[in-house]
């Protein structure tokens, strides 16, 4: 794997990092199995791209994208809490509906942002002035934004409201018995989660240079894989580590795909990509648990001594 | 100072990259750059389906004809993004990192992903319906940059006229297309304009995925006299289900893609995607031979041909006139 491919994967992992936090919030903290992200991720990219092409500045465009995602998340939560539609179905309905909304917003299925001034532009200019190659400056820019977003989310989770939300997720009956309006907390939590997914989409459109209606397929799978890889490898205790773990999981998953793209070197076909990616992730998950990984470690350290 | 800073950062980064590869437990040797005279052509497409694979084969054969033999003086790399634009981006990064000599992006998102890497390596796009609208080239004329290619915009008005010529008393025409595909948006708009001009009514049934093509066709067969299939990736991937529903109700299918006549469509006046690949390959060859992509013009496929299916015609009760049969390049009996 070349440096370019490696940093491309890290960059993409960082772009998808807010999505990993989104899935952590819905699945792990609120215990709300939410598939809306398959819709809110491309929705974010569509709103950001359409706003920038329409002449708005990139900051407003990115904020509007988050708002659109928040609305999608709120609708899912409202369908579930107010009308008693099963959470999975409620989220599927929002996800399916958002496909039409995306096409309306963009007016076409693919909107290019190549050659537009985006959130990436100031970072790229700064990188040029400092003599950092664009190879790293794109990843560093994404890292900078992700650190800010992750810090804000973690800070929020440690506030009183954050503790309430975690309580509602862990034990809604107890929360209700303590006088907490669980509905409102779930509305807010789901809006936050999908705003983060939409932020990922907005970053994707601006970093990769286009928004596409087909962007959403498989988003929830990336998110869940990231959360679970992060948990298995880091075994996080506490909110800080949980957030870092899921973001690290996302980067690892992207690196796994970059490694799997070399399948032709071991005589496999391009269509085997998904199988190889899955195999690499499985290896990453079970290697630390096997007894022989210790033996390999000793072997490696002995090799180094010799 | 900034130079040494960036250099040490470079070194640290490369160490990190190497460590990760080792840690993943899979050290895969690079397949590129085997010998000095070998050139590398890296081809990527968004998804595997017969039309896009035909483009790839056309590119390969065109290279072969020009004296670039795979394994000898040519390294031909092919990757598909499994329908996911995010993977298209990773493939683009991989190709640029391996420093291929020419990059080929088949389909709109694959071409856009290659361009977004900001590379100076020549990029040839293929099977992009609206390359200017998709931001891939500023103009179809020589654009001065490193991007050039072949559009697959079909002669829609001529195809709609063909329906009027083949099917007696046709009043309404149905189209199955995926509203999520950029190429289909252009084609459906062109079909509407052509139908308005020629006095036909148009019904469009949306199929967001291949599994919905069957149902979309069922919606159409009660309303239309003929079905027109544009070069839509979703409809193309599920063409058999479309044709089986239409034929069961004796509704003729006229396609923009000649390979679909073999699948049972009545007729197609269009290009073969293999030819799109050959024309793309010709561009790749001239770039490999030293042409500057900025001085080459992008173009739309030139070779269009008429394919007819006589078996489908007799099943539908349609008589093909002698002059129609004579103008066909191929008649399937």
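The values are calculated or read from the model by the stated rules, or taken from the named source; none is laboratory data. Everything numeric in this text was worked out from a predicted model, so none of it was measured. Virtual Cβ from ideal backbone geometry, glycine too; neighbours counted across all protein chains shown.
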### Query
Going by the structure shown, is residue B:128 closer than 27 Å to residue A:214 by Cα, touching a helix residue (DSSP H, G or I) at 6+ places or on another chain (Cβ under 7 Å) and modelled with pLDDT of 95 or more?
no
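Being within 16 Å of the chain's Cα centre (by Cα), in the same structural domain as residue B:138 (by TED's automatic domain parsing) and modelled with pLDDT of 95 or more is the requirement here; does residue B:63 meet it?
Judged against the criteria, residue B:63 is not a match.
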### Message
Criterion first (in contact (Cβ under 8 Å) with a residue 12 or more places away in the chain and on the phi > 0 side of the Ramachandran plot) does residue B:290 satisfy it?
### Response
no
### Query
If you take the residues in segment A:213-248 that are more than 14 Å from chain B (Cβ to nearest Cβ) and not in a helix (DSSP H, G or I), which one is nearest to residue A:156 (Cα to Cα)?
A:238
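A quick yes/no check of all residues on (1) closer than 24 Å to residue A:12 by Cβ; (2) at pLDDT 90 or above; (3) under 12 Å from the mean Cα position of the chain (by Cα):
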| position | (1), (2), (3) |
| --- | --- |
| B:46 | yes, yes, yes |
| B:49 | no, no, yes |
| B:56 | no, yes, yes |
| B:80 | yes, yes, no |
| B:97 | yes, yes, no |
| B:104 | yes, yes, yes |
| B:111 | yes, yes, yes |
### Query
Could you list, in sequence order, the residues of segment B:191-215 that are assigned to a helix (DSSP H, G or I) and within 16 Å of residue B:172 (Cα to Cα)?
B:191, B:192, B:193, B:194, B:195, B:196, B:197, B:198
### Query
Among the residues of segment B:160-182, is any in contact (Cβ under 8 Å) with a residue 40 or more places away in the chain, within 24 Å of the chain's Cα centre (by Cα), within 14 Å of chain A (Cβ to nearest Cβ) and part of a helix (DSSP H, G or I)?
yes
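Conditions (1) part of a loop (DSSP other than H, G, I, E, B); (2) at the interface with another protein chain (Cβ under 9 Å from one of its Cβ atoms); (3) within 16 Å of residue A:209 (Cβ to Cβ), marked per residue:
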position	(1), (2), (3)
A:81	no, no, no
A:90	no, no, no
A:94	no, no, no
A:100	no, yes, no
A:105	no, no, no
A:118	yes, no, yes
A:125	no, no, no
A:136	no, yes, no
A:140	no, no, no
### Task
Tell me, yes or no, whether segment A:287-300 has at least one residue that is within 12 Å of another protein chain (Cβ to nearest Cβ), at pLDDT 80 or above and over 24 Å from residue A:17 (Cβ atoms).
no
### Of all residues making up segment B:221-240, the number that are under 15 Å from residue B:188 (Cβ atoms), modelled with pLDDT of 90 or more and part of a loop (DSSP other than H, G, I, E, B)
2
### Query
Quick one: which of A:74, A:27 is surrounded by fewer than 24 Cβ atoms within 10 Å (Cβ to Cβ), within 17 Å of the chain's Cα centre (by Cα) and in a helix (DSSP H, G or I)?
A:27
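Please count how many residues of segment A:106-123 are free of Cβ contacts under 8 Å to residues at least 60 places away in the same chain and in contact with a helix residue (DSSP H, G or I) (Cβ under 8 Å, 6 or more places away or on another chain).
Count: 3.
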### Task
Quickly run through segment A:261-275 and pick out the residues that are assigned to a helix (DSSP H, G or I) and more than 9 Å from every other protein chain (Cβ to nearest Cβ).
A:272, A:275
